Number of protein chains: 2
Amino acid sequence: MIDKHSFIPFYLQIEQILSRQIRENALRPGDPLPTEAEMCRQYQVSRMTARKAVDYLVRQGLVERFRGRGTFVARPDTRVKVQLPLDQHLTSSEVASSVRRKVVNRLLHFSQQPATPEVAGALQVPEQAAVHYMLRLRLIDGTPFVYEQSWMNQALFPDLNTQALNQSKYAYLKSKGYGAVGSHKQIFAELPSTEIREALGLARDEPVLHASVIAFFANGVPFELSNVYYNQRHYTFTLDAPPRPLLAL
Amino acid sequence: MIDKHSFIPFYLQIEQILSRQIRENALRPGDPLPTEAEMCRQYQVSRMTARKAVDYLVRQGLVERFRGRGTFVARPDTRVKVQLPLDQHLTSSEVASSVRRKVVNRLLHFSQQPATPEVAGALQVPEQAAVHYMLRLRLIDGTPFVYEQSWMNQALFPDLNTQALNQSKYAYLKSKGYGAVGSHKQIFAELPSTEIREALGLARDEPVLHASVIAFFANGVPFELSNVYYNQRHYTFTLDAPPRPLLAL
DNA sequence: GAGTGGTCTAGACCACCTA
DNA sequence: AGGTGGTCTAGACCACTCC
């Protein structure tokens, strides 16, 4: 029961009760939560308040709501997930061969723009220098997998075109004589914008992994800045650190 | 203006209008959004609906609400962030020396439990075998930085105690004669539970990076399973991939 | 048809901030 | 004191599911 005189809002108190019941297995995966009408009676609150109590549990993925059926404790996701190493700069075709699935690149947008200060700094070009700007979606077996926004130094790739980008960007690089690439990434957890969420086919409130990447050639020259958003639904990301001596303390 | 006969809910239509204004810089960082009362008049909706339109923008971190002041387009976070490599298995003291700040470990819970099937599988021990269970919070200069839930094979560490855990776990390992450790991580973006959110001092709706880690000795024997939750507020995580030849296509 | 969740209203009281 | 966001109510109509 909730405390009507507490400083904790009703909806938070109810949320914590439900959350504890799930955590302590009083409510098990697949079990229905009380209906909204039941919660109104049980806790003596209005329906809007009862709904709000469940909202955050839905956002966390702890419970699922179905219109006309009810609200249920989520079952752990048992779908087999593809595992990909996060610490290598893999090209699409390398991903395809490692997961043995068909990878498709879809170019959503391609244009040329003057470099903003941020882009110019990352690509080590003057501000306002011409850069390629593109949005691409990568699909594995038809499932949207990666949404990528990127800027490339136009001076290095004067003849980059839509055909090359709809195929493999790295095949294009190789054809230009560039043999090796490395990258520097920053990794974030993020709630995606509506645009990215829709492109990746995600539910509202589902966080994504966001990598901000600078890719460079073997000589150290950066050629691309990108923001890469990963759909976590069917893929997990792995990192292996080999045994390493513990330092002196 | 919104379309009252559309199948798109009012709150989503308003959210999209605001989102577009921010994206197209009609509303700039620091600018106030219309107040809730203004939005009610402007779009002819109730206040609950107007609030709901802004909720998701708040969750995304696109806008910030301040009671008594108003709602404003969020300014990009310019605080200097500590950058840590995600691809190494760093001990607390290594982190401390690399960021030149004071790192404190706080033990929140310590007990012994029978291994669940999942824990037993990861640690390669029989089900129900005794394992240490602990919750720890790591703080850098007083700021909660990492929340860690972990299980360790009790057979390997019969004398593990609270004192060792409040100090450095790896100092303890070293004192037991274990010289090198590696790890296998899976990385997720996640909305944290209330417990973790409060321990890390996060706002509601702020996603965290979650690493599920198996740590092992040089001989390959796993000794610890942990779920590590990272506060992104003051730290970013980096990954460097050195230049690597592009494969044949 | 009965029950479920999804949306929406038109008020209300409150805590907090700025003035 | 007046304006802001935070919470809450007691209804309402709807789309959908299940029987």
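The values are calculated or read from the model by the stated rules, or taken from the named source; none is laboratory data. The shown structure was predicted, so the numbers you read here are calculated from the model rather than taken from an experiment. No Cβ is skipped: glycine too gets one built from the backbone with ideal geometry, and neighbour counts run over all protein chains shown.
Of the residues making up the stretch A:102-149, those that are closer than 30 Å to residue A:238 by Cβ and under 20 Å from the mean Cα position of the chain (by Cα) number 22. With respect to (1) under 12 Å from the mean Cα position of the chain (by Cα); (2) touching a residue at least 40 places away in the same chain (Cβ under 8 Å); (3) part of a helix (DSSP H, G or I), the lone exception for residue A:171 is condition (1).
Residues that are more than 13 Å from residue B:185 (Cβ to Cβ) and among the acidic types (Asp, Glu) within the stretch B:198-234 comprise B:198, B:205, B:206, listed in sequence order.
Report whether or not residue B:231 is more than 7 Å from chain A (Cβ to nearest Cβ), buried (at least 19 other Cβ atoms within 10 Å of the Cβ), within 14 Å of the chain's Cα centre (by Cα) and closer than 21 Å to residue B:149 by Cα. The answer is yes for residue B:231. In the stretch A:188-242, what residues are of a type in the set (Val, Ile, Thr), within 22 Å of residue B:18 (Cβ to Cβ) and not in a helix (DSSP H, G or I)? Hit for the stretch A:188-242 is A:208, nothing else.
Looking across A:175, A:226, one residue alone is more than 7 Å from chain B (Cβ to nearest Cβ) and surrounded by fewer than 18 Cβ atoms within 10 Å (Cβ to Cβ). It is A:175.
Counting only strands (runs of 3 or more DSSP E) that fall entirely inside the stretch A:1-85 and contain at least 3 residues that are in contact (Cβ under 8 Å) with a residue 60 or more places away in the chain, farther than 22 Å from residue B:55 by Cβ and within 11 Å of chain B (Cβ to nearest Cβ), the qualifying elements are A:82-85. Right, residue A:31: modelled with pLDDT under 90, acidic (Asp, Glu) and closer than 30 Å to residue B:188 by Cα or not? Spelling it out, it is not the case that residue A:31 is modelled with pLDDT under 90, acidic (Asp, Glu) and closer than 30 Å to residue B:188 by Cα. Residue check: residue A:71 meets all listed conditions (1) modelled with pLDDT under 95; (2) within 16 Å of DNA strand D (Cβ to nearest atom) but one, namely (1). For the stretch B:184-223, filtered to residues that are β-branched (Val, Ile, Thr) and surrounded by fewer than 20 Cβ atoms within 10 Å (Cβ to Cβ), the residue that is farthest from residue A:61 (Cα to Cα) is B:221.
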